[in-house]
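To keep things clear, I will list the structure first and then write my remarks on it.
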């Protein structure tokens, strides 16, 4: 095979690989999580709780895993560091700050990146964390 032919195949393949790698790196990865913590400091309510139920941890993982990040111009939903859930394995963690109003979005930690889980998954999320004292809307 000629060098020119090899380059015509290799260069587009490399570009596709780089694009796919970039897209994949912009996805939420919570697959490492073995436990979760909720933080709900709103008004007079101050809750810091560990989620110990394995079914709840698995359900939260399913709800929050695999979404692509996006960066909105100006987030219209209320996000705060005092209302969050942290998925961790003790060495690695990721924090999600759910919108405090009726939005389906979550901010990733204290960043400018967000995910949108959709209303069905948001309702599922709220049902799980309600057991630990988080209630929505809280704005």
If I take R0 = 30 Å and measure r between the Cβ atoms of residue 48 and residue 70 in this structure, what FRET efficiency does the formula 1/(1 + (r/R0)^6) give, to the nearest 0.05?
0.55
Determine, for each peptide in 57-69, 37-49, the mean count of other beta carbons within 10 angstrom over its residues, then list the peptides with the highest first.
57-69, 37-49
At the level of C-alpha centres, the distance separating the range 92-114 and the range 38-64, in angstrom, is 13 Å
In whole Å, largest first, what are the principal axis extents of the Cα atoms in the range 28-130?
35, 34, 27
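Coordinate-derived values only; no laboratory data. These numbers were taken from a predicted model, which means no experiment stands behind them. Ideal geometry is used to build each Cβ from the backbone, glycine not excepted, and the neighbour counts take in all protein chains shown.
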